[in-house]
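Heads up, the thing below is written out as C-alpha cells.
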C-alpha cells in the first residue's frame, strides 16, 4: 500500500493534502469573515437591512470555515466528517448553478470539489482519521 505523504507537526504527522486543505479553508474563512465585517460596517452606516444579514452570514460562515480548516489540519475526526458534508453541499449547489446557467467554467468548481471529496475518501486519509479516533 502506498503511504500518504505527511507533514510533521507538534501533534504528529498530518497528511500533506490535509495540511493544504486546512490552510486553504482557514484563508477562505478569514476572507469570508472580512466580507462579513465589511457588510456589518456597511449596515451600520446605511439603512439597508440586507447588508446586516449578509454581514452576519458571511461572518458566521468565515468563523466556521476557519475553525473547520484548523481542526482538519489538527486531525480532529469530526472535522473530516463535517468537511465531507460541507463539500457535498457545495457540490450540490454548484451542480444546481450549472443546471440554471450552463457554462463550461461552471465545471471547474465541480471538478475541484469532486477531487477534494475523493481525496478525503482515500484509504490513507481515512486510516489517518481512524487511527486518531482509536488513540
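Observations, loosely collected:
- In the elastic network of the chain, a GNM with C-alpha springs shorter than 10 Å, the most mobile of 72, 52, 104 is 104.
- Taking the C-alpha atoms only, the angle from helix 123-134 to the longest principal axis of the chain is near 90 degrees.
- Normalising the average separation of contacting C-alpha pairs (under 8 angstrom, six or more residues apart) by the number of residues puts the relative contact order of the chain at 23 percent.
- For the chain, the longest principal axis of the alpha carbon atoms and the long axis of helix 49-73 meet at an angle near 10°.
- Coordinate range along principal axes, alpha carbons of the range 64-135, Å, largest first: 47, 26, 13
- On Cα atoms only, tilt of 16-45 relative to the major axis of the chain in degrees: 10
- Reported to the nearest whole Å, the Cα centre-to-centre distance from the range 26-63 to the range 85-135 is 25.
- Theoretical ellipticity at 222 nm over the chain - DSSP helices of four or more residues, -39500 (n - 2.57) apiece, nearest 500: -27000 deg cm²/dmol
- 20, 108 arranged by Cβ crowding within 10 Å, fewest neighbours leading: 108, 20
- Note on residue 41 and residue 20: the extension gain reaches 4.4 nm, defined as 0.36 nm multiplied by sequence separation minus the Cα-Cα distance.
- Stokes-Einstein diffusion coefficient of the chain, Kirkwood radius over Cα pairs, 4 °C, 1.567 mPa s, in µm²/s: 79
Each reported figure results from applying straightforward, stated rules to the coordinates on display, with no laboratory input. What you see is a predicted model; the values in this text were computed from it and never measured. Positions of Cβ are generated from backbone atoms using ideal geometry, with glycine treated the same way; all protein chains shown enter the neighbour counts.
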